[in-house]
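The values are calculated or read from the model by the stated rules, or taken from the named source; none is laboratory data. Worth saying up front: this structure is predicted, and the values here are computed from it rather than measured. Backbone-built Cβ (ideal geometry, glycine too); neighbour counts: all protein chains shown.
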Amino acid sequence: MGAPRFLLRNWRLKLLALAVACGMWIGVVYASNPPAIGTYYVIPQVVGLSSNLLVLYPLKSVPIKVGGVYSNVHNPQVKEHLSASVDLSSIKGPGVYQVHLGSAIADPNVFFWSAPAQVTVTIDRWETALLPVRVVVPSRNLPQAGYQFNSQATTSTPADVKVRAPASIMARVQAEVSLDLSSWHASVPLTENVVVVIPKGVPSSDVTWSPGVVTVHAVITSEANQVTLPVDYILSGQVASGYQVTSAQVTPLTVTATGPPGTVDGLGALNTQPINISGINKDTTYQVNLNVPTGVTTSVSTVTVVVIVAQLPSAIASPSPTPIPTP
């Protein structure tokens with residue numbers, strides 16, 4: 001039994017109307033949420049690489065395009081469902097390789113559109129070596145004037161550190177410690193952290209070393225002259241009325257001064273800071289700083305000065321004349 005005749009009447013026109021209706025429906029549906037293609041960047045994961053090999057430079061992120069309606073394509077959670085990987089199990093030695101990139105998407109609301117077919121990887125081999133510890137003293141951290149850092153005589157314990165790094169960069173790797181000697185005037189042992197300097201572009205995680213701490217025996221020599229100088233005291237003010245200073249005793253009598261030859265060689269003595277003796281009427285002891293020129297150090301920074309005073313003698317009146325008796 002065939003279809004009713006009215007269904008077949010003007011069927012071409014009816015089919016066209018259906019197509020137009022479907023198009024209008026699709027237009028209304030997608031007017032606010034149209035089809036779209038989005039691009040997300042994903043860093044490929046490395047699988048299957050032999051333990052004695054490594055990827056020398058980190059793989060760059062690759063663009064993966066997905067399609068769907070706009071709201072789904074631009075959902076921030078889409079990236080969490082994307083993955084990319086490279087299987088390096090077939091690589092047996094160092095070199096630069098073009099390898100297949102595998103991409104996948106686990107979001108049912110979007111579909112995979114495109115991704116690169118291959119990526120470039122640089123493969124290197126792990127190497128272990130003993131590197132000497134280099135001692136570095138920046139110019140701003142050198143000893144003060146009159147002292148010199150002797151790099152040739154300075155040693156490190158241990159002298160070498162064990163470094164594990166990619167074989168291709170090992171020749172450019174340096175192990176060093178940085179010292180601050182600006183406050184030291186004599187040789188000194190210092191415990192310092194070891195820093196391994198690596199070429200630019202190589203991840204720091206690709207280089208390890210042991211030990212991480214060494215003891216550096218920094219040798220500092222003096223460029224200054226040493227002279228022994230007497231100590232002179234300086235008094236200021238007046239003692240109490242009726243008293244006078246008879247003497248002063250300085251302890252120590254001499255000190256050792258160290259400094260640039262042009263400064264210490266011209267010194268005849270070292271003075272104390274002025275001692276205020278105003279109003280004293282008995283022997284008095286003072287702890288007083290030395291007046292030291294800039295750039296000069298002394299064996300002691302303060303001296304003891306005992307100021308000795310005595311009372312002035314009282315005036316004695318002349319005897320009165322004795323009257324002559326009258327006859």
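Quick rundown of the values:
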{"read-out": "Only one of Val73, Val66 that is touching a helix residue (DSSP H, G or I) at 6+ places or on another chain (Cβ under 7 Å) and of a type in the set (A, V, I, L, M)", "value": "Val66"}
{"read-out": "Segments classed as strands (runs of 3 or more DSSP E), wholly inside the range 48-100, with at least 1 members that are more than 22 Å from Pro203 (Cα to Cα)", "value": "62-69, 82-87, 95-100"}
{"read-out": "Test: residue in the range 209-227 that is within 24 Å of the chain's Cα centre (by Cα), exposed (fewer than 12 other Cβ atoms within 10 Å of the Cβ) and hydrophobic (A, V, I, L, M, F, W, C)", "value": "yes"}
{"read-out": "Criterion: under 30 Å from Val161 (Cβ atoms) and of a type outside the set (D, E, K, R) - qualifying residue of Pro63, Pro58, Pro116, Pro44", "value": "Pro58"}
{"read-out": "Boolean, Pro138 is exposed (fewer than 12 other Cβ atoms within 10 Å of the Cβ), under 30 Å from Val188 (Cβ atoms) and in the same structural domain as Ala171 (by TED's automatic domain parsing)", "value": "yes"}
{"read-out": "Neighbours by Cβ (under 6 Å, 6+ apart or cross-chain): first from the range 295-316, assigned to a loop (DSSP other than H, G, I, E, B); second of a type in the set (Gly, Ala, Ser)", "value": "Gly295/Ala145; Gly295/Gly259; Val296/Ala257; Val296/Gly259; Leu312/Gly242"}
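Condition check ((1) surrounded by fewer than 16 Cβ atoms within 10 Å (Cβ to Cβ); (2) more than 26 Å from Glu223 (Cα to Cα)) across all residues:
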| residue | (1), (2) |
| --- | --- |
| Gly242 | yes, yes |
| Ala248 | no, yes |
| Thr263 | no, no |
| Ala269 | yes, no |
| Asn291 | yes, no |
| Gln311 | yes, yes |
